[in-house]
Amino acid sequence: MKNTLHVGELLQNYLKKNNVSKAALSRALGQNSANFEARLKQSWIRTDILFMISQLLQHNFFDDIGALLPKEFSSNKVAD
């Protein structure tokens, strides 16, 4: 299976589409803006950081990532 997920791009696209300030988000995360910019250039991100970003922006990035997987993959998600 080829890994084509780039979490930094996923986040950058969301921030741009929703006019979210990278500087404000980096401050909310307690990071300086240079470190946050560097994080957005990486293809991966720690799950605890992604969870905090999801909470701050009230957006489920984990669901976005899950949507990229084949539908036949199992999960523990409870149907709505």
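Within the stretch 26-61, the residues that satisfy the criterion of being open to solvent by 80 Å² or more (accessible area, probe 1.4 Å) and under 18 Å from Gly8 (Cβ atoms) are Asn32, Asn35, Lys41, Trp44, Arg46, Thr47, Phe51, Leu56, Asn60. Selection of first residues in the stretch 63-77 that are open to solvent by less than 80 Å² (accessible area, probe 1.4 Å) and of second residues that are in a helix (DSSP H, G or I), restricted to Cβ pairs under 7 Å at least 6 apart or on distinct chains, gives the following pairs, ordered by first then second residue: Asp64/Leu10.
The values are calculated or read from the model by the stated rules, or taken from the named source; none is laboratory data. The model shown is predicted, which means the values in this text are computed figures rather than measured ones. With ideal geometry, Cβ positions are generated from the backbone for all residues, glycine too; neighbour counts draw on all protein chains shown. Quick note on the areas: whole protein, heavy atoms, side chains included, nothing else; ligands and nucleic acids left out. Shrake-Rupley method; radii C 1.70, N 1.55, O 1.52, S 1.80 Å.
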